[in-house]
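Read the structure below first, then the notes.
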Amino acid sequence: MATEYKLRMGDGKRIFMTKEQIIADLKEGMADAADLGEIPDLSEDEIDKLVEIVTMPSRMVGVEQGKEVPVTHDIGTIRIDGDQGNSGVGIPSSRLVGAMMHERAFGADTMELGHIDYSYKPVKPVIAQEMQTMEVCQANMVVPLLYGAMPNMGLYYTPDGPFPNPGDLMKAFKIQEAQESMQHAAEHLTRDTVWIMQRLMASGADGVNFDTIGAAGDGDMYASLHAIEALRKQYPDIYIEAGMAGELLLGLHGEMEYDGTVLAGLWPHQQAPLAAKAGANVFGPVVNTNTSKSSAWNLGRAVTFIKAAVKASPIPCHVNMGMGVGSIPMFETPTIDAVSRASKAMVEIAGVDGI
Amino acid sequence: MGMPISHIMTSGMSGIRAAGDLVARMQLAKSMRIGDAKDYVAKKLDVTTDDLSDEYVMRELREELGIGVITSVAGAPKGIAAKMNIEKLLDLNINCCEKFRGQLK
């Protein structure tokens, strides 16, 4: 009887696979990425290395000594005091305490301060509170401390915002009106993000994390890139991390461009140069996890996509590896065996600059 | 909570337990790729790039340089004071340190 190894499904459930099945799934996932992104396959040596990582008997694996990389964080301190909606563990504590716990108890390389609603727009009414908290955190922290939130352009449409909902307009075949609404929303999102970060920079922030760019489609990325460009122009030394929401930038508008490139339909290796052009220091590529496939399939696919993004990027790539992305299972408490294997593979095979 | 800690244990540079914050700062401040950032920090600290993730090397060195240590050492520079020493060490300007200096009379 062939030896079976313990793996996971994309939803985190335990499965058992033979080495031959693992290799087949790794190659199938790789081929899917190569086909969609029109990017190179992994080499046979890289597939062998992935098989070695996936089949290691230890519960937890680690990168080879000397290959460690910095880890950046989205959501930040909300993990500590937040509720389940933010994957928080509900420990009553200030955000300063949360940030210092990450720095001094967990060994975090960087940290992020974020608002409990975690989108830029709702920060506006409480900006003075955010400024005060940033000042207090900067006074006590040593690691780089960014301000982070989601661009979340959906908040600018009815019923949450001032502009007509493009989804409703498109259902009525009012395509041009829908595009105009997205353009208006993008302008407001850029303006709000820059305004918020101007105040946080005045409070000593190291910089900004744009977390989940593109969640509301190409307009979301258009707005974020213009905000990055404006912030870089005003603050030459600001730290800017640009992290994506998904692997493929959805073309809800369809015709928005940045630097002469149509944004709709871009894959990670095509997104990275635009983030760099706008003025970001670090790019966070994403590959979505398929819950119906094995961790081998997801890892083969994610490593293929991210390796191409790292190669194409002029700036460091900190791959997104939270729940449901980067081959991490789509599960609230991702298993350590799956997380550590994906983490090691991204560093040693995709060549990421950080996580 | 366990997921970020799993990443830190698997691949991370251990923050101020070692020199992860310094390497991350060079990536964020100067868009340095991982190899360049490690080389830059190692040269400034006069250690090898492998030493940057070695708590044994970095624990005493960080205390000597006054750039923040993981344990709470009474009297040692913390927060902005530690970051002002990091500015000199890495030849960088750090925004909160600039703001702090700007507030002194």
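The values are calculated or read from the model by the stated rules, or taken from the named source; none is laboratory data. Model, not experiment: these values are computed from the prediction. Methodologically, a virtual Cβ is constructed for each residue, glycine included, from the backbone with ideal geometry; neighbour enumeration extends over all protein chains shown. When the accessible area is computed, the model is the full protein with side chains, heavy atoms only, and any ligands, DNA or RNA have been set aside. Shrake-Rupley method; radii C 1.70, N 1.55, O 1.52, S 1.80 Å.
Summary of values
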item	result
Carbon + sulfur, % of accessible area of chain A - ligands and nucleic acids excluded, 1.4 Å	53
Theoretical FRET efficiency, 1/(1+(r/R0)^6), r = Cβ-Cβ of A:Asp168 and A:Ala31, R0 51 Å, to 0.05	0.85
Within a Gaussian network of chain B (alpha carbon springs, distance under 10 Å), most fluctuating of B:Ser14, B:Ser72, B:Ser53	B:Ser72
Shape of the stretch A:227-302, Cα gyration tensor, a/c cut at 1.5	oblate
Accessible area buried at the A-B interface, both sides summed, 1.4 Å probe (Å², nearest 100)	4200
Delta accessible area of at least 10 Å² on complex formation, residues of the stretch A:214-255, 1.4 Å probe, chain isolated as reference	A:Asp237, A:Tyr239
For residues of A:128-137, the mean tally of beta carbons on other chains within 10 Å	1
Over the stretch A:1-138, relative contact order from alpha-carbon pairs under 8 Å, at least 6 apart, %	15
Three-way shape label, the protein assembly as shown, alpha-carbon gyration tensor, a/c 1.5	oblate
A:Ser292-A:Gln183 pseudo-label distance in nm [points 7 Å out on the Cα-to-Cβ vector]	3.9
Percentage relative contact order, chain A, counting C-alpha pairs under 8 Å, at least six apart	21
Projected-area average for the stretch A:17-143 over all orientations - Cα convex hull basis, square nanometres	12.0
Per residue, in Å², the accessible surface of chain A once ligands and nucleic acids are set aside, probe 1.4 Å	38
Number of partner chain Cβ atoms within 10 Å, mean per residue of A:85-91	1
Three-way shape call for the stretch B:49-105 based on the alpha-carbon gyration tensor, with the a/c threshold at 1.5	oblate
Ordering of A:288-301, A:266-279 by packing [mean C-beta count within 10 Å, highest first]	A:288-301, A:266-279
Shielded residues, the stretch A:61-78 - accessible-area loss of 40 Å² or more between chain alone and all protein chains, probe 1.4 Å	A:Gly66, A:Glu68, A:Pro70, A:Val71
Threshold 40 Å², the stretch A:327-355 residues less accessible with all protein chains present than alone (1.4 Å probe)	A:Val339, A:Asp353
Accessible area (Å², per residue) of chain B, counting only protein heavy atoms and a probe of 1.4 Å	45
Distance between modelled label sites at B:Lys88 and A:Thr3, nm, 7 Å Cα→Cβ extension	5.6
Probe 1.4 Å - accessible area at A:Tyr118, Å² to nearest ten	10
Ranking by accessible area, most exposed first, for B:Phe100, A:Phe106, A:Phe283 with a 1.4 Å probe	B:Phe100, A:Phe106, A:Phe283
Calculated FRET efficiency for the pair A:Gln198/A:Phe16, C-beta based, R₀ 51 Å, to 0.05	0.40
Cβ neighbours within 10 Å from other chains - mean over A:99-105	3
